[in-house]
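Notes to accompany the following structure.
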Amino acid sequence: THITHHKLHQCCFLPCFVEFERPSIQLEWIKLFIINNITICRTIMTTTPTKITLLDGSIGQELVKLCGKKPSPLWSTSVLMSDPELVSQVHDSYFSAGSTVATTNTYAVVPDRLEKANLLTNQLEVLTNTAVSLAQKSRDKHGSGKIAGSIGPLEGSYRPWACPPAKVAAKRYQQTVEILAPSVDVLLIETMSSLNQAEGALMACCCDNNKPVWLAMTVDDDNGSLLRSGENLHDLQPLVDSYQPEAVLINCSRPEAISSALDIIQKFGKPFGAYANGFTCISEGFKGESATVDALQARQDLTPQAYADYCMEWIHQGATIVGGCCEVGPAHIEEVARRIRAAGYEIV
């Protein structure tokens, strides 16, 4: 089941049935055709297993739970400042679960959030470097893995109308990119809700930078063909063609919406994948300025087994990068890793 469609098309041909005088001869010929094709398919599965990159899961929400404090608009950045050892603990737990990528706790270390807390002038570089160092420490302790430098949206998640124009956003991201790029393996642009948001981040990350860039978009809770801005996901392709990110992903969306989104982005000609969230929905209350995550509710039905079912579905669609976002924790990633290996894939 985990051979990609294009490989099947390369090795399997529909037989051209011909009339034989004796039906038994035709039956034997058909049996031989089936056996030969099964043998070819098994050979492909044995010699060229699909390689899957397994991302970690939620960073911010795990930190909020572990610290036991009331969430603030700074979100996981507050924990980075007050309890950095908890960040290491979260990274360690994901590597132990089977993840091969540590995502830096820099999603909320963005200029506008720090500015509102009067921290921008002297803390952007310090906090970014601290987050990178903690991820590297866990990676080195584990002995292998990659570091993904997280770059979140400006002006809050799921608020595309509040984001500045792309050229302005690119300038605001510039310092973050300059700090992250030398120390990470890939720049991970996360939770982009609109084409304008995506272009601003791509402009900052893809110009004069030799590091791979992965672009992750978030889609409508009920319609995976639409971005949260209401724009059509199909319309992302010109940006992908122009800026050439290494991979295109769907993240921080309900898992039910992701398969239809993958049907679209798999046509962009890039490696693709997904990492969903475990929220019941993105409430209107969370879309206000300076909202905190206590305006959102975690699902009770998204067990590790249920989440792994979704991930395997995405892999069968051709996804080669999977993981988890908010409310998808180490237990979920551990089950996803188990299922991936059980299906004969190689986690890289």
_So for each of 246-255, 264-273 I average, over its residues, the number of other beta carbons within 10 Å; can you give me the resulting order with the highest mean first?_
246-255, 264-273
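Over its Cα atoms, what ratio of radius of gyration to 2.2 N^0.38 Å does the range 48-113 give?
In units of the 2.2 N^0.38 Å rule of thumb, it is 1.25.
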_Check which residues have an amide H placed less than 5 Å from Ile347's amide H, if you skip close sequence neighbours._
Ile52
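Quick one: which of Lys69/Lys116; Lys65/Lys116; Lys51/Lys267 span more than 27 angstrom between C-alpha atoms? Mind dumping the intermediate values first?
Values: Lys69/Lys116 20 Å; Lys65/Lys116 24 Å; Lys51/Lys267 19 Å.
Correct reply: none exceed it.
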*Just read off the accessible area of His316 with the full protein assembly in place, 1.4 Å probe, to the nearest 10 Å².*
80 Å²
*Short version: ³J(HN,Hα) in whole Hz for each residue of the range 211-220, in order, from phi by Karplus 6.51 cos²θ - 1.76 cosθ + 1.60 (θ = phi - 60°), x for Gly and Pro, what are they?*
7, x, 10, 10, 9, 10, 9, 10, 10, 4
_Derived scalar couplings ³J(HN,Hα) [the range 81-96; Karplus, 6.51 cos²θ - 1.76 cosθ + 1.60; whole Hz; x for Gly, Pro]_ = 7, 9, 9, x, 5, 5, 5, 4, 4, 5, 4, 4, 5, 6, 4, 5
*Please list the non-local residues whose amide H lies under 5 Å from the amide H of Phe279, H modeled 1.01 Å from N, same-chain partners needing a gap of 5 or more.*
Arg299
*Quick one: of Lys141/Lys211; Lys171/Lys270; Lys70/Lys270; Lys70/Lys171, which pairs are farther than 30 Å apart, Cα to Cα?*
Lys70/Lys270; Lys70/Lys171
*Name the residues whose placed amide hydrogens come within less than 5 Å of the amide hydrogen of Val219, ignoring near sequence neighbours (fewer than 5 apart) on the same chain.*
Asn251
*Can you work out ³J(HN,Hα) from phi for every residue in the range 151-164, in order, using Karplus 6.51 cos²θ - 1.76 cosθ + 1.60 and θ = phi - 60°, giving whole Hz and x for Gly and Pro?*
10, x, x, 6, 6, x, 6, 6, 10, x, 5, 8, 6, x
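Computed FRET efficiency, Cβ-Cβ of Ser242 and Glu178, R0 30 Å: what is it to the nearest 0.05?
Numbers: r = 22 Å, r/R0 = 0.73.
Between Ser242 and Glu178 the formula returns 0.85.
With only alpha-carbon atoms in the gyration tensor, what are the semi-axes of the equivalent ellipsoid for the range 156-209, in Å, largest first? Could you put the intermediate results ahead of the total?
Details: eigenvalues 75, 27, 16 Å².
The answer is 19, 12, 9 Å, longest axis first.
The values are calculated or read from the model by the stated rules, or taken from the named source; none is laboratory data. Treat the numbers as computed from the prediction; the structure is a model and nothing was measured. Here the Cβ is made from the backbone with ideal geometry for all residues, glycine too, and neighbour counts use every protein chain on show. These accessible areas exclude ligands, DNA and RNA; they are computed on the full protein's heavy atoms, side chains included. Shrake-Rupley method; radii C 1.70, N 1.55, O 1.52, S 1.80 Å.
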